[in-house]
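Worksheet: the structure to be examined is printed underneath.
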Amino acid sequence: MKLTISRESLLTPLQSIAGVVERKQTMPVLSNVLLVAEDNTLTLTGTNMEVELVGRIQPVHVDQPGRITVPARKLSDICRALGDESPIELSLEGDRLHLRCGASHFTLSTLPAEHFPNVEDDAESFRLEVAQSDLGTMLDATAFAMAQQDVRYYLNGLLLEVDGEHLRAVATDGHRLAMSHLAMATGINEPRQVIVPRKGVLELGRLLDDVQTPVTLVFGDNHLRATVGAYTFTSKLIEGKFPDYNRVIPRGGDKTMLADRATLKNTLQRAGILSHENIRGVRLSLESGRLQIFANNPDQEQAEDALPVDYEGESLQIGFNVGYLVDVLNALDDDQVKITLSNPNSSALIEAQNDASCLYVVMPMRL
C-alpha cells in the first residue's frame, strides 16, 4: 500500500474515527484503525464491537492499493502534530507503516486487516431521512438523561420510537426523564422502538452538523445504521423492553409556575454550591409571585436565595436534586420555563413556554 494525502483531508475523519476506538481493549486490533486504499479513495474504519464508524476520503493519490490496520490514537496524534506545509505519504513496507511528511518520518506497527472485525449485516426493517439539525437537536435535548452503567441495561441508552407521524427520542435513568419529538411523515404503519446504546448516541451526535442536509437512518433488528455525508455509522442495539414512558409523565398538576430560565438556572447553581455533595438536594419553597431556594450540607453551611416567578396558588415546598434541574434548564431553548407541580411527593413536569417538542420529568427527593 502506498498513497499520498493532504494532512487536512486525513486529520478530521481520523479524529472522528479514533473517538470510537476505546483506549483499553482486550483485542489489540480493536485499538487500531483499518486503512483501505483503492480507486483513489482511502477508507478508514474504527470499531469497539458495539459501534462502528467508516469514513471515506476522496480524491486520494493511490500509487499501490492495499489494506492494513495501525494504532488509531498514535496515527491521529502524529497527524495533529504535523504542519500543513507538506503532503503526507503513507507506505506499507513489510509489517510497518511508514509516514513521511517533509523532514518528518514515523514508523508504525501494524496488524493484518484480516484480523479486523466486521459488523455483521442486518436485514433492513425500515429507513427514515431526517435533517441533521433536527436529529442533532433531539439528541442534545435528551441524551443527558441516559443512565450510566445501570444494572437495568436498557436504561444505558436512548429510545428511538417511530410511528406514522412522529420520531421520538426518550431517555431516563430512573430519576428523571427527557423526551423530544419531531413531527414527520414516516410511512410507518405500526410503531417501532429501538434502544441505541450510550456510546452510539454520543458518537452519532458528534457527526451531525447544524444543517438541513438529510441523514439516512436504516433500522434493522439488531443494528441502527446512519449515513452522514462521507461517513457510515453503525451501532448495535440494546435488547430489552424500555419502560412505558407515558406512565411516568405526570398528569393533572394544578400548580403551574413560569420563570425566566437563565435566572432560575443561575439561582439554582448558586444555592447548589452548599448542597450535600453526594445527594445534591435543594428545597424549593413556592408561594405567590416568589420562589425561594434553600440548601445545606453536613458542615452546617446554608444557602438561601430567591427569584420572582409568575405563580398564583397555594404555597408548596418540595425537594429536588439540583443537578437534575440544571441539566434540564441547560437543554431547554427558550427564555421562559414552565414547571407544573401537584404535591411534594409528585414529579415535576418541566417544559419550555413556547416549544411543545420537548418535555422533562424530574422526581422529587425527601430532604
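The values are calculated or read from the model by the stated rules, or taken from the named source; none is laboratory data. Every value quoted in this text rests on a predicted model; they were computed, and no experiment measured them. Virtual Cβ from ideal backbone geometry, glycine too; neighbours counted across all protein chains shown. Each accessible area value is taken on the protein alone, full model and side chains, heavy atoms only, with ligands, DNA and RNA left out. Shrake-Rupley method; radii C 1.70, N 1.55, O 1.52, S 1.80 Å.
At a probe size of 1.4 Å, how large is the accessible area of GLU38, to the nearest 10 Å²?
100
Suppose all protein chains stay in the model; what accessible area per residue would a 1.4 Å probe give for segment 80-222, in Å²?
50
Taking the chain as the reference, fit the longest principal axis to its C-alpha atoms, fit the long axis of helix 261-272 to the helix C-alpha atoms, and give the angle between the two in degrees, 0 to 90, nearest 10.
For helix 261-272, the angle is close to 90 degrees.
For SER91, what accessible area in Å² do you get when you roll a 1.4 Å probe over the heavy atoms of the protein chains, rounding to the nearest 10?
10
Given the protein chains as shown and a 1.4 Å probe, how many square angstrom of GLU50 are accessible, to the nearest 10?
70
Taking Cα pairs under 8 Å and at least six residues apart, what relative contact order does the chain come out at, in percent?
Relative contact order for the chain comes out at 13 percent.
How high is the relative contact order of segment 203-360? Use alpha-carbon pairs under 8 Å, at least six apart in sequence, and give a whole percent.
Working: 274 pairs, mean separation 31.1, N = 158.
Reported relative contact order: 20 percent.
Sticking with the crude label model, points 7 Å out along Cα→Cβ, report the distance from SER91 to GLN149 in nm, one decimal please.
Result: 4.7 nm between the two label points.
Taking K and R as +1 and D and E as -1, what net charge do the other residues with C-beta under 11 Å from the C-beta of ALA303 add up to?
-1
What is the set of long-range amide H partners of VAL228 at a cut-off below 5 Å, with H atoms built 1.01 Å from backbone N?
So VAL228 has HN proximity to PHE233.
Could you tell me how many degrees, from 0 to 90 and to the nearest 10, lie between the Cα long axis of helix 132-142 and the main elongation axis, the longest principal axis, of the Cα atoms of the chain?
Result, in degrees: 50.
Trypsin sites (Lys or Arg not before Pro), restricted to segment 1-89: which are DSSP loop and have at most 13 other Cβ atoms within 10 Å?
Values: sites: LYS2, ARG7, ARG23, LYS24, ARG56, ARG67, ARG73, LYS74, ARG80; in loops: ARG23, LYS24.
Here the sparse-neighbourhood loop sites are ARG23, LYS24.
Please list, in order, the residues from segment 261-276 whose amide nitrogen is less than 15 Å from a point placed 7 Å along the Cα→Cβ vector of ASN297.
Label zone hits: 269-276.
Candidates (i) 52, 26, 16; (ii) 37, 27, 18; (iii) 47, 24, 18; which is the computed semi-axes √(5λ) of the Cα gyration tensor in Å?
Matching entry in (i) 52, 26, 16; (ii) 37, 27, 18; (iii) 47, 24, 18: (iii).
Within the accessible area of segment 1-138, what % is carbon and sulfur when the probe is 1.4 Å and the other protein chains stay in place?
In segment 1-138, the share of accessible area belonging to carbon and sulfur is 45 percent.
Filter the GluC sites (Glu not before Pro) in segment 139-233 to those in DSSP coil with at most 12 other Cβ atoms within 10 Å of their Cβ, and list the result.
Working: sites: GLU161, GLU165, GLU203; in loops: GLU165.
The qualifying sites are GLU165.
List, in order, the whole-Hz ³J(HN,Hα) value for each residue of segment 33-49 obtained from phi through the Karplus relation with A = 6.51, B = -1.76, C = 1.60 and θ = phi - 60°; use x for Gly and Pro.
Using θ = phi - 60°, the values come out as 9, 8, 9, 10, 10, 6, 6, 6, 10, 10, 10, 10, 9, x, 8, 10, 6 Hz.
Using each residue's phi in segment 97-104, evaluate 6.51 cos²θ - 1.76 cosθ + 1.60 at θ = phi - 60° and report the 3J(HN,Hα) Karplus result to the nearest Hz, with x for Gly and Pro.
Once rounded to whole Hz, the list reads 9, 9, 10, 10, 8, x, 8, 8.
Straight-line reach only, C-alpha to C-alpha below 23 angstrom: list the lysines that LYS241 could link to, leaving out same-chain residues fewer than 8 apart.
The qualifying lysines are LYS199.
Using the alpha-carbon atoms, what tilt in degrees (0 to 90, nearest 10) does helix 198-207 show relative to the longest principal axis of the chain?
Roughly 70 degrees, rounded to the nearest 10.
How would MET1, MET49 line up by accessible area, probe 1.4 Å, largest first?
Highest to lowest solvent-accessible surface, that is MET49, MET1.
For LYS265, which lysines qualify as cross-link partners when the Cα separation must be under 23 Å and same-chain residues fewer than eight apart are set aside?
LYS255, LYS338
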